[in-house]
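Take a look at the structure below.
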Amino acid sequence: MIELRDISFGWPDEVMLLNRFSLTVRPGEKVVLLGANGCGKSTLLKLMNGLLEPGAGEIFWRGEKLTRAALRQPGKAAAFRRACVLLFQHPEAMLFNPSVREELSYGLRQLGGENIEGAVGKWARLLSIEALLDKAPFLLSGGQKQKVALACLLILDPELLLLDEPSSSLDPATIGRLVDLLLHSNKTLVVATHNLSLAAELGQRAVVLGKEGRILFDGPVAQALGDMVLLEQAGLAHRHGHQHGGVGHVHVHTHDWK
Ligand SMILES: Nc1ncnc2c1ncn2[C@@H]1O[C@H](COP(=O)(O)OP(=O)(O)OP(=O)(O)O)[C@@H](O)[C@H]1O
Ligand SMILES: [Mg+2]
């Protein structure tokens, strides 16, 4: 579905963030992207969503090269924006309409869609935000904003969902509903998260990033989460000193995953 081939990317005044990085995601795959703060997960998702352009290397969307020029062609841009969507780590960046109702319908109004009102009702119900439809998005709580941002993406019926820390503000019931919704769909997922329990539930394939976008691991999620050496190396587990009966010893452990 999407292929990053030998891409390099660096922000101005930064060391190279991604250095000849390659990743292929096939249709229907559920991939979790793991790695320490600042390793480049959000940057990678923005590259995959065509919001950033790599300094070198190529990105292919369904076999076609994704370039700034391609995304300037109205037909192509609309098809890509509908099929490949990104939930920002900070959902405020996505919300700008006067009401939640208008926020939800915005994408379909722009990209073309039928029975917009029906779709808004359906997704508001599925994400339990019906009571918020007439509220201004900027007045919502963090988790409510995240739910609205998610609904804005799901309403487009996308093929590839790039989710940047989707569980950062959501309550456990909503996370559960999201997992049910996404896991039992044929949608392709790439989810960046520090939430290892969510990774275990949602992902089938884990890609663990190290420095300069080096891939430390690419394989079954369960295998990655069982490898304490890998998790510590990737900044996903830490060493903790304990006293047991007056004897000090050190554990490597994760915080939300056993
Ligand atoms: N707009 C920007 N301009 C300059 N540097 C940036 C910008 N956005 C991110 N960076 C830098 O790029 C690096 C990677 O950032 P990124 O947000 O991709 O990391 P991340 O893996 O998503 O981290 P986190 O787990 O904290 O969300 C960081 O060093 C960050 O400071
Ligand atoms: Mg991030």
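Measure nothing but the geometry: give the 0 to 90° angle between the long axis through the Cα atoms of 172-183 and the longest principal axis through the Cα atoms of the chain, rounded to 10°.
70 degrees
Compute the Cα gyration tensor for the range 139-182, then decide on rounded, prolate or oblate, letting a ≥ b ≥ c be the square roots of its eigenvalues: rounded whenever a/c is under 1.5, prolate when a/b is larger than b/c in the other cases, and oblate in all that remain.
Values: a/c = 1.85, a/b = 1.30, b/c = 1.43.
Oblate.
What do you get for the angle between helix 142-154 and the principal long axis of the chain? Use alpha-carbon atoms, 0 to 90 degrees, nearest ten.
So the inclination is approximately 60 degrees.
Name the chymotrypsin sites (Phe, Trp or Tyr not before Pro) in the range 64-112 that are in a loop by DSSP and that have at most 14 other C-beta atoms within 10 Å, would you? Write out the running numbers ahead of the final one.
Working: sites: PHE80, PHE88, PHE96, TYR106; in loops: PHE88, PHE96.
Passing both the DSSP loop test and the Cβ count: PHE96.
For LEU87, what residues show an amide H to amide H distance below 5 Å, using hydrogens built from the backbone and excluding near sequence neighbours?
LEU162, LEU163, ASP164
Tell me which lysines have Cα within less than 19 Å of LYS145's Cα, excluding those fewer than 8 residues away on the same chain?
Candidates past the 8-residue exclusion: LYS122, LYS135.
Extension gain THR67-ALA200, at 0.36 nm per residue separation less the Cα-Cα distance, in nm? Walk me through the numbers on the way to the answer.
Values: separation 133, 0.36 × 133 = 47.88 nm, distance 3.36 nm.
Working it through step by step, the gained length comes to 44.5 nm.
Leaving out ligands and nucleic acids, and using a 1.4 Å probe, what accessible area per residue does the range 148-220 come to in Å²?
Working: 2560 Å² over 73 residues.
On a per-residue basis, 35 Å².
Restricting to the chain, compute how many DSSP beta bridges are antiparallel as a %, nearest 5.
60 percent
Grab the alpha carbons of the chain, take their convex hull, and tell me the volume per residue in Å³.
Details: hull volume 38.8 nm³, N = 258.
Each residue corresponds to 150 Å³ of Cα convex hull volume.
Roughly what angle does helix 116-126 make with the longest principal axis of the chain, taking Cα atoms, 0 to 90 degrees, to the nearest 10?
Taking Cα atoms only, the helix is inclined about 30 degrees.
What spacing in nm lies between the two simple spin-label points modelled at ALA78 and ASN186, each 7 Å away from Cα in the Cβ direction?
My value for the distance between the label points is 2.4 nm.
Each residue of the range 27-35 in turn: what ³J(HN,Hα) in whole Hz from Karplus with 6.51, -1.76, 1.60 and θ = phi - 60°, glycine and Pro shown as x?
x, x, 5, 10, 10, 10, 10, 10, x
Would you please give the FRET efficiency between TRP11 and ASN115, computed as 1/(1 + (r/R0)^6) with r the Cβ-Cβ distance and R0 = 35 Å, to the nearest 0.05?
Working: r = 42 Å, r/R0 = 1.21.
Calculated value: 0.25.
Arrange the peptides 223-235, 148-160, 57-69 so that the one whose residues have, on average, the most other Cβ atoms within 10 Å appears first.
Values: 223-235: 17.1, 148-160: 21.3, 57-69: 14.4.
Result, highest mean Cβ count within 10 Å first: 148-160, 223-235, 57-69.
Could you please state how large a percent of the accessible area of the chain is carbon and sulfur, counting protein chains only and using a 1.4 Å probe?
Reported share for carbon and sulfur atoms: 52 percent.
Can you compute the helix-only [θ] at 222 nm over the chain? Use -39500 (n - 2.57) per DSSP H run of at least 4 residues, normalise by all residues, nearest 500 deg cm²/dmol. Show your work: numbers first, answer last.
On the way: 9 runs with 84 residues, N = 258.
After summing the helix terms and dividing by residue count, I get -9500 deg cm²/dmol.
What full-extension length gain, to one decimal in nm, is calculated for ILE215 and HIS90 as 0.36 nm per residue of separation minus the Cα-Cα distance?
Values: separation 125, 0.36 × 125 = 45.00 nm, distance 2.50 nm.
Once the chain is fully extended between ILE215 and HIS90, it gains 42.5 nm.
If you bin every alpha carbon distance in the range 20-154 into 5 Å steps from zero, what whole percent lands in each bin?
Spelled out per bin, shortest first, that is 2, 9, 17, 19, 18, 16, 12, 6, 2, 0.
The values are calculated or read from the model by the stated rules, or taken from the named source; none is laboratory data. Keep in mind that this is a model prediction, so the values were computed, not measured. Don't worry about glycine lacking a Cβ; one is built from the backbone with ideal geometry, like all the others, and counts go over all protein chains shown. Protein only, heavy atoms only, side chains kept; ligands, DNA and RNA dropped before computing areas. Shrake-Rupley method; radii C 1.70, N 1.55, O 1.52, S 1.80 Å.
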